[in-house]
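Below is one structure, written out as structure tokens; comments come after it.
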Amino acid sequence: MGRSFIAELVVSHEDLPLTPTVRRVSDATITLESQPLSYPDRPGPIIFYSVTDADFSEFESLLETDHTVDEWQVTMEFTACRIYQVYLSSDAKFTTPEIADLGLQVLSIRNTERGWQFRLQAPDKERLGDYWRYCREQGVEFHLDKLYSTGPQASTVADDSLEAALTDRQREVARTAARMGYFEPDGADAATVADELDISPSTLSTHLRRIMAKVLRHTFDD
């Protein structure tokens with residue numbers, strides 16, 4: 001098996017599908033279950049979402065005021081889960097077609113407090129960089145949470161110029177997170193790393209987003 005890269009990232013924009021709902025709904029897990037399906041007689045595509053651990057009346061009320069949603073219906077209903085068929089409006093904005101065009105594979109998409117968490121597989125870093133640049137051009141916020149390689153000879157690369165771009169505190173945070181395996185699939189979680197650094201998880205998240213922004217610019221920019 002050749003080397004490839006797994007990226008866990010969050011994209012956010014008020015016009016991304018269901019983002020107004022995602023930002024306001026409480027304690028729900030929303031997972032994308034299909035890629036957009038287009039029909040000639042619809043202004044926008046159709047997407048299926050599974051919703052669990054939710055106040056469904058609250059969720060459905062938010063759908064009614066979501067400008068990215070034209071219509072919706074429940075297609076399957078269980079005790080703690082519902083499957084929604086959502087007809088998106090012409091106002092909805094997408095980045096998933098670009099993901100496919102770049103040859104990236106979507107492993108999962110689910111909601112977070114900030115927007116949508118994508119888990120992507122890429123054959124090389126350059127295609128992730130192309131997607132980052134595309135999001136930037138479209139005004140879509142892009143936050144890389146984790147990036148790791150798979151296959152033989154998996155490794156992390158750093159050099160003096162990247163090291164110099166980080167502040168002393170950022171270097172300390174990055175080294176601690178790396179030492180504890182935060183950037184590995186089975187490593188320490190954010191709460192454990194934050195406790196080691198004697199900071200809150202939200203402060204750790206802020207540090208890591210800034211570090212990752214510098215790593216992205218260093219790795220992908222000319």
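Please treat every number below as a calculation from the coordinates, not as lab data. These numbers come from a predicted model, not from an experiment. Reconstructed Cβ throughout: ideal geometry from the backbone, glycine too, with neighbour counts over all protein chains shown.
Results, tabulated for the structure shown:
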item	result
Long-range neighbours under 7 Å by Cβ, at least six apart or interchain, first residue under 12 Å from L144 (Cα atoms) within segment 117-133, second assigned to a loop (DSSP other than H, G, I, E, B)	L120/L104; Y131/L102; Y131/L104
Test: residue in segment 45-67 that is in contact with a helix residue (DSSP H, G or I) (Cβ under 6 Å, 6 or more places away or on another chain), crowded, with 18+ Cβ neighbours inside 10 Å and of a type in the set (D, E, K, R)	yes
Considering residues of segment 12-22 that are of a type outside the set (A, V, I, L, M) and closer than 11 Å to D66 by Cα only, the residue surrounded by the fewest Cβ atoms within 10 Å (Cβ to Cβ)	E14
Pairs, first of a type in the set (K, R) in segment 56-83, second assigned to a helix (DSSP H, G or I), C-beta under 7 Å, six or more apart	R82/F56
Residues (surrounded by 15 or more Cβ atoms within 10 Å (Cβ to Cβ) and within 16 Å of the chain's Cα centre (by Cα)) located in segment 102-111	L104, I109, R110, N111
Members of segment 23-44 found to be closer than 26 Å to E98 by Cα and crowded, with 18+ Cβ neighbours inside 10 Å, listed by number	I30, L32, G44
Residue ID - farthest from I83 (Cα to Cα), chosen from residues in segment 1-53 that are in a loop (DSSP other than H, G, I, E, B) and touching a Leu at 6+ places or on another chain (Cβ under 7 Å)	G44
